[in-house]
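The values are calculated or read from the model by the stated rules, or taken from the named source; none is laboratory data. Quantities reported herein were computed from a predicted structural model and do not represent experimental measurements. Neighbour counts run over all protein chains shown; Cβ positions are idealised from the backbone, glycine included.
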């Protein structure tokens, strides 16, 4: 069985986060996925150290319920510092180009504005990221196979050369 893809959802709207989790699990029922929910970025960062996710869906504004909570950009910066390979989707209700540009400058993989089609957009983005992750895994596997092949060829050539030299 494949290792589950570890996804963190960080959103201070618990109803939205639980609904998104259910939708992702339904949409990708054929894939092994483990989803964890966090209301504030600090809790996400604490768990991140123990269980590094491949994907994080991160709300830009995380201080609705906790005014002193870190915003999405601070959490994004921290995530990228800890593990640059983690894909991060920034979510926001703010349709502002400056927020989008800032998110991408800080390392976001995607930026989605919360609308009536948010779940579809997120699932499409996740599907693309799953495909990228699979392609990267394939590349790693092919590189290992290629190294093994070169090693076998080197041993073969070395063996033939040794036999040729000592046969004289």
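Please determine whether any residue of the range 148-163 is in a strand (DSSP E or B) and either modelled with pLDDT of 85 or more or exposed (fewer than 10 other Cβ atoms within 10 Å of the Cβ) (or both).
Within the range 148-163, not a single residue is in a strand (DSSP E or B) and either modelled with pLDDT of 85 or more or exposed (fewer than 10 other Cβ atoms within 10 Å of the Cβ) (or both).
Taking the stated definitions as given, is residue 140 over 30 Å from residue 11 (Cα atoms) and under 19 Å from the mean Cα position of the chain (by Cα)?
For residue 140, the condition - over 30 Å from residue 11 (Cα atoms) and under 19 Å from the mean Cα position of the chain (by Cα) - is met.
Could we say that residue 130 is part of a helix (DSSP H, G or I), closer than 26 Å to residue 73 by Cβ and in contact with a helix residue (DSSP H, G or I) (Cβ under 7 Å, 6 or more places away or on another chain) here? It would help to see each step written out before you state the result.
On the way: part of a helix (DSSP H, G or I): yes; closer than 26 Å to residue 73 by Cβ: yes; in contact with a helix residue (DSSP H, G or I) (Cβ under 7 Å, 6 or more places away or on another chain): no.
No: the conditions fail for residue 130.
In this structure, is residue 10 closer than 20 Å to residue 107 by Cβ, in contact with a strand residue (DSSP E or B) (Cβ under 6 Å, 6 or more places away or on another chain) and without any contact (Cβ under 8 Å) to a residue 60 or more places away in the chain?
No.
Taking the range 128-168 only, how many residues are within 20 Å of residue 17 (Cα to Cα) and free of Cβ contacts under 8 Å to residues at least 60 places away in the same chain?
0
When the residues of the range 92-111 are filtered to those that are part of a helix (DSSP H, G or I) and free of Cβ contacts under 8 Å to residues at least 24 places away in the same chain, which remaining residue is surrounded by the most Cβ atoms within 10 Å (Cβ to Cβ)?
Ranking the qualifying residues of the range 92-111, first place goes to 100.
Condition first: part of a loop (DSSP other than H, G, I, E, B) and within 17 Å of residue 11 (Cβ to Cβ). Can you find one or more residues in the range 71-85 that meet it?
Yes - at least one qualifying residue is present in the range 71-85.
State whether the residues of the range 93-113 include one that is touching a helix residue (DSSP H, G or I) at 6+ places or on another chain (Cβ under 9 Å), closer than 13 Å to residue 12 by Cα and modelled with pLDDT under 90.
Among the residues of the range 93-113, not one is touching a helix residue (DSSP H, G or I) at 6+ places or on another chain (Cβ under 9 Å), closer than 13 Å to residue 12 by Cα and modelled with pLDDT under 90, which makes the answer no.
Within the range 14-47, track down each residue that is assigned to a helix (DSSP H, G or I), touching a residue at least 24 places away in the same chain (Cβ under 8 Å) and touching a strand residue (DSSP E or B) at 6+ places or on another chain (Cβ under 7 Å).
Residues satisfying the conditions are 20, 24, 41, 44, 47.
Kindly indicate the residue of the range 49-82 that is modelled with pLDDT under 90 and within 15 Å of residue 7 (Cβ to Cβ) and also farthest from the chain's Cα centre (by Cα) among those meeting that condition.
Checking each candidate, the answer is 51.
Going through 62, 58 one at a time, which residue ends up being outside any strand (DSSP E or B) and surrounded by 18 or more Cβ atoms within 10 Å (Cβ to Cβ)?
Every option except 62 fails the conditions.
For residue 114, state whether it is under 24 Å from residue 26 (Cα atoms) and surrounded by 15 or more Cβ atoms within 10 Å (Cβ to Cβ).
When the stated conditions are applied, residue 114 passes them.
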